[in-house]
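Shown next, in structure tokens, is the structure this report addresses.
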Amino acid sequence: MGALKLAVFASGTGSNLKALLDAIAAGRLDAEMRVVVSNKAEAGALQIARDRGVPACHLAPQPSESEAAYGQRMLATLQAYEVEFVALAGYLKKVPAAVVRAFKHRMLNIHPALLPSFGGKGMYGLRVHQAVLEYGCKVSGVTVHLVDEDYDTGPPVLQRCVPVEPDDTPEVLARRVLQVEHQVYAEALQLFAEDRVEVRGRNVIIKPRAK
Ligand code: GRF
């Protein structure tokens, strides 16, 4: 596929966005960050984009706008920036179905637990880590998955385990998981940049690197 023409969607602080920009700058991720999109005007992610000279776009549904119209507006923005691949990084709104369909197998999300556990609507931020600790899990982890039309249900591309320590609080566990997120998201995207991903139903096959 060559350098991925990438958009990141983020609603929050944008530490994953920052890690991706750092991976691009370090040559670990063969991608061009074309635009950062947020539904929140005050998102830290938009500020990170501006600071790094990346176009930052606040895109939120208007009060009376249908999902279809909002989706068309989102698609027009992605086309305008010639985006070929989308990475959701703490994007808390559902992506309109038309956009998910247009980017089938070209849209990833990162989730701070091992799906299908501790995912779904409303499972974000510290709630995820709180639930992991309440269940008494000994491991948690990170899942990078393809996006389908529901929350956190698309096929996993990469998963990595993170240990849960006896005295963990949700905040401490979140920090440990986030460090791994920052490595694994760039790794997953690089597999697509190298055209090493084949999707067979729910199984995402990682092909060996070409010699
Ligand atoms: C991350 O934990 C990610 O897994 C989840 O939202 C959080 C975003 O954090 N989807 P940040 O804005 O990238 O710091």
(request) Could you tell me whether residue 119 is open to solvent by less than 50 Å² (accessible area, probe 1.4 Å) and in contact with an Asp or Glu (Cβ under 7 Å, 6 or more places away or on another chain)? (result) yes
(request) Quickly run through segment 41-76 and pick out the residues that are open to solvent by 70 Å² or more (accessible area, probe 1.4 Å) and either closer than 20 Å to residue 107 by Cα or not in a loop (DSSP other than H, G, I, E, B) (or both). (result) 47, 50, 51, 58, 67, 72, 73
(message) Please pick out the residue among 154, 119 that is without any contact (Cβ under 8 Å) to a residue 40 or more places away in the chain and among the small types (Gly, Ala, Ser).
(response) 119
(message) Test of understanding: among 164, 139, 132, 147, which residue is closer than 30 Å to residue 205 by Cα, open to solvent by 10 Å² or more (accessible area, probe 1.4 Å), in contact with a strand residue (DSSP E or B) (Cβ under 7 Å, 6 or more places away or on another chain) and touching a residue at least 40 places away in the same chain (Cβ under 8 Å)?
(response) 147
(message) Being surrounded by 13 or more Cβ atoms within 10 Å (Cβ to Cβ), closer than 20 Å to residue 144 by Cβ, away from the ligand (no atom under 16 Å from the Cβ) and not hydroxyl-bearing (Ser, Thr, Tyr): is that true of residue 4 here?
(response) yes
(message) Any residue that is over 16 Å from residue 193 (Cα atoms) and within 15 Å of the ligand (Cβ to nearest atom) - is there at least one of those in segment 60-76?
(response) no
(message) When the residues of segment 27-40 are narrowed to those that are more than 15 Å from residue 5 (Cβ to Cβ) and open to solvent by less than 70 Å² (accessible area, probe 1.4 Å), which ends up farthest from the ligand (Cβ to nearest atom)?
(response) 27
(request) For residues that are closer than 22 Å to residue 21 by Cβ and of a type in the set (D, E, K, R), scanning just segment 180-195, find the one that is farthest from the chain's Cα centre (by Cα). (result) 194
(message) Just to be sure I understand, how many residues within segment 99-108 are open to solvent by 20 Å² or more (accessible area, probe 1.4 Å) and either within 13 Å of the ligand (Cβ to nearest atom) or of a type outside the set (Gly, Ala, Ser) (or both)?
(response) 4
(message) I'd like to check something: does segment 89-98 contain any residue that is away from the ligand (no atom under 16 Å from the Cβ) and more than 26 Å from residue 125 (Cα to Cα)?
(response) yes
(message) Every residue in segment 7-23 that is away from the ligand (no atom under 12 Å from the Cβ) and open to solvent by 40 Å² or more (accessible area, probe 1.4 Å), please.
(response) 22
(message) For the structure I just gave you, tell me whether residue 83 is within 26 Å of residue 202 (Cα to Cα), part of a helix (DSSP H, G or I) and touching a strand residue (DSSP E or B) at 6+ places or on another chain (Cβ under 8 Å).
(response) no
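The values are calculated or read from the model by the stated rules, or taken from the named source; none is laboratory data. Predicted, not measured: the structure shown is a model, and the values here were computed from it. Cβ atoms come from the backbone with ideal geometry, glycine included; neighbour counts cover every protein chain shown. All accessible areas refer to the heavy atoms of the entire protein, side chains included, with ligands and DNA or RNA removed. Shrake-Rupley method; radii C 1.70, N 1.55, O 1.52, S 1.80 Å.
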